[in-house]
Amino acid sequence: MLTEFRNEPFTDFSQPDNEKAMAAAIARVRSQLGKQHPLVVGGERLETGNWIVSTNPAAPGEVIGKFARAGSAEAEMAMQAAAKAFQEWKRVPGHERARYLFKAAALMRARKLELAAWMVLEIGKNWAEADGDVAEAIDFCEFYGREMIRLSQGQPLTPYAGEENELVYIPLGVGIVIPPWNFPLAILTGMTTASIVCGNTVVLKPSSETPATAFQFLSIMEEAGLPPGVLNFVPGAGSEVGDYLVGHRQTRFIAFTGSKEVGLRINELAARPQKGQIWIKRVIAEMGGKDAIIVDRDVDPDLAAEGIAASAFGFQGQKCSACSRAILHKDIYDQVLAKVVERTGKLTMGPVEDRHNFLGPVSSKSAYGSILQYIEVGKKEGRLATGGEPAPTPEGGFFIKPTVIADVSPTARIAQEEIFGPVLSVIKADSWSQALEFANNTEFGLTGAAYSRNRRHLEQARQEFHVGNLYLNRKCTGALVGVHPFGGFNMSGTDSKGGGRDYLLLFTQAKAISERY
Ligand code: NAP
């Protein structure tokens, strides 16, 4: 019997055996760097002569791998392979499709540290963050597999005399999966396995920043025995391959996670029907955030500062759930700010191959440039409390000191726009109600946290703090599959909940069948 879903445990790297095993995994992965990898379309390996070169952001001269770059011709081939495979795959029973996910989870578990090591080198995740990313990917496989089995069972309908009635969830068709680089395994796995387990086939266009991690996922799905054409792998420029696939008349749905700008573009392009298109494309788009932690006057300043620093600077602030605004009650403003600054100053930074470094590089040269520009804006909009500059290394890594900017107006640019880096704006509020008002005054609505000891204030936050994931008296990052179904409101996305019990419905359509005998 299938056991109940449980979250995958994290690895304790303070245990010497685990530490040794992770160092060995990094060494093993390093020995595989620099190789060339093909596209995979309909089970065939293709090369295009053009390459996406993935590099280590801590040492940009180090090539992680070269990945065949698809153009529109290859995207078209992938679409046709997926459309062909759909005719068979849609007939495979749900519980059988689920087993491919359970097998993939087992393979990921067996290669947990190696998968984490790819992310350490390709995108600068520290060991704990990379391990968490793999655990989440495993959770998605286990959770969505079980969810598909649940949805494959008879659904409750009102009895009606003289008829046999049933409702079944059938797949949609070919889906385009477009993930970001910041959870290069977890989010990619979540969106792809949800699509596949529901009986859809997929054209996967990974982020150009993290194709190597994506290739590991592809290899695992192949090893799990997924039939050719169910999953097609086409790295390529979002603006070329992405646009082509989103606009394609045979595309039935798009599962996207990334920035607001790209998400809105996809939504608009997908809405335009193409010649011969006979459905409305479904868009599942998870986008950015400008997440706030609000702190009441009665809170233990250490507890609040710990939550703020962990949420703001974990993975260099490059999480959609990261705290980028700390909104502090005026009575404890100075105290909490001082403690946040103190904690920030103690964070270790450097190449994250060394497990003692908490902060690694930011993702890319362009992110580095954009974050530093925001810091300059912030220096004018507020008071620099700590950080505020790059931390150069001989290898030219993209390191930026964790930065706290105090006395920021709630309407300043750095309090409104997603920076997606290690930059925290600190804002003063006169009252709890004003703190909530400031928290809600952006176009986003992804995560948020409220620290208070006052029951009335906590209840007020429950009602008024308009975010998809609200946390009370804890940090605003670290959602767990099944425990904290995840996804935001407003410009943070299409209001879905990854890792939740209604998520798979987005990848299916319900068919009601009635027979009179
Ligand atoms: P991004 O720049 O929007 O890219 C996301 C994906 O879209 C990449 O695969 C990218 O491909 C592709 N893309 C770019 N232009 C495209 C186009 N015209 N058509 C189709 N696809 C296109 O975002 P990112 O920098 O990777 O990720 C960071 C963003 O993701 C942040 O805003 C963050 O808040 C958000 N995020 C949200 C969630 C959530 O659950 N709400 C979770 C994680 C991240 P290329 O790499 O080839 O450009």
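The values are calculated or read from the model by the stated rules, or taken from the named source; none is laboratory data. Note that the structure is predicted; figures quoted are calculated from it, not measured. We place every Cβ from the backbone using ideal geometry, glycine too, and count neighbours over all the protein chains shown.
Observations, loosely collected:
- Residue satisfying all of: in the stretch 488-517; part of a loop (DSSP other than H, G, I, E, B) and touching a Leu at 6+ places or on another chain (Cβ under 6 Å); surrounded by the fewest Cβ atoms within 10 Å (Cβ to Cβ) among these: 496
- Condition check for residue 130: closer than 22 Å to residue 7 by Cβ and crowded, with 24+ Cβ neighbours inside 10 Å: yes
- Complete set of residues in the stretch 469-502 that are within 12 Å of the ligand (Cβ to nearest atom) and of a type in the set (Val, Ile, Thr): 477, 494
- Just one residue in the set 219, 259 is over 21 Å from residue 46 (Cβ atoms) and in the same structural domain as residue 170 (by TED's automatic domain parsing); that residue is 259.
- Where residue 266 falls short, out of the listed (1) in contact with a Ser or Thr (Cβ under 7 Å, 6 or more places away or on another chain); (2) among the β-branched types (Val, Ile, Thr); (3) under 19 Å from residue 495 (Cα atoms): (1)
- Of the listed requirements (1) without any contact (Cβ under 8 Å) to a residue 60 or more places away in the chain; (2) not in a strand (DSSP E or B), residue 70 misses just one: (1).
- Some residue of the stretch 148-169 being within 16 Å of the ligand (Cβ to nearest atom) and either touching a Ser or Thr at 6+ places or on another chain (Cβ under 6 Å) or over 19 Å from residue 363 (Cβ atoms) (or both): no
- For first residues located in the stretch 175-186 and under 20 Å from residue 117 (Cβ atoms) and among the polar types (S, T, N, Q), partners that are more than 6 Å from the ligand (Cβ to nearest atom) and assigned to a helix (DSSP H, G or I) and lie 6+ apart or on another chain with Cβ distances below 8 Å form the pairs 182/123; 182/315.
- Qualifying residue in the stretch 401-413 (condition: surrounded by fewer than 23 Cβ atoms within 10 Å (Cβ to Cβ), in contact with an Asp or Glu (Cβ under 8 Å, 6 or more places away or on another chain) and in a strand (DSSP E or B)): no
- Filtered residues of the stretch 272-282 (kept if surrounded by fewer than 21 Cβ atoms within 10 Å (Cβ to Cβ) and within 14 Å of the ligand (Cβ to nearest atom)): 272
- Filter pass, residue 308 being closer than 26 Å to residue 495 by Cβ, among the β-branched types (Val, Ile, Thr) and modelled with pLDDT of 95 or more: no
- Taking the criterion of being over 19 Å from residue 305 (Cα atoms) and under 23 Å from the mean Cα position of the chain (by Cα), the residues of the stretch 428-462 that qualify are 440, 442, 443, 444, 445, 446.
- Residue that is nearest to the chain's Cα centre (by Cα) [pool: residues in the stretch 246-264 that are among the basic types (Lys, Arg) and more than 8 Å from the ligand (Cβ to nearest atom)]: 252
- Just one residue in the set 333, 368 is within 16 Å of the ligand (Cβ to nearest atom) and surrounded by 15 or more Cβ atoms within 10 Å (Cβ to Cβ); that residue is 368.
- Only one of the numbered conditions (1) among the charged types (D, E, K, R); (2) part of a helix (DSSP H, G or I); (3) more than 15 Å from the ligand (Cβ to nearest atom) is not met by residue 243, and that is (3).
- Boolean, residue 210 is touching a residue at least 60 places away in the same chain (Cβ under 8 Å), more than 18 Å from residue 96 (Cα to Cα), under 16 Å from the mean Cα position of the chain (by Cα) and within 12 Å of the ligand (Cβ to nearest atom): yes
- Among the residues of the stretch 247-289, those that are of a type in the set (Gly, Ala, Ser) and within 17 Å of residue 83 (Cα to Cα) comprise 247, 255, 276.
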